[in-house]
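Take a look at the structure set out below.
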Amino acid sequence: VFNRSMLEAIRMRSEGRSDWGAATRSIEKGSMICLGQLSEYPAGLEDALRRCLTASPGVREAYLLLMDKDGATSYLMAVDFEGAAVPLFECIGGAAMDFLGDMSLNLIPCDSDFWREAGSEFQPFYRK
């Protein structure tokens, strides 16, 4: 999960001003989660993400959804890729930072148990 402060830390790290450590959070059993396809992406977000994904050679496809978890709404991005997750997720977080507003961005690989169970009905917004 990348919130605004974490995305700012990524930007600072890319400028050589700070260290950043990835945060991993798991979904608690019994949490109510609703996913939905966006009818329209925030201005500039889709283009910024596509540039990052196109520049990352191991990415096959990506999904961008709205996620409501126990009443809190955020973005969920599932990515089908080969290679290391941390550099890819840092690229995605940095690309998305200026377009998220007050929303957070949750990043998961498509090979996660959660995505295999919940993501089959959605269409990717990006496919290489």
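A short reminder: the numbers here are calculations on the coordinates, not readings from a lab. Bear in mind that the values here come from a model prediction, so they are computed numbers and not experimental data. Every residue, glycine as well, gets a Cβ built from its backbone with ideal geometry; the counts of neighbours run over all protein chains shown.
What to note about this one:
- When peptides 56-64, 88-96 are ranked by their average number of other Cβ atoms within 10 Å per residue, the highest-first order is 88-96, 56-64.
- Karplus-derived 3J(HN,Hα), 6.51/-1.76/1.60, for each residue of the range 34-45, Hz, glycine and proline x: 10, 10, x, 6, 6, 7, 8, 8, x, 3, x, 5
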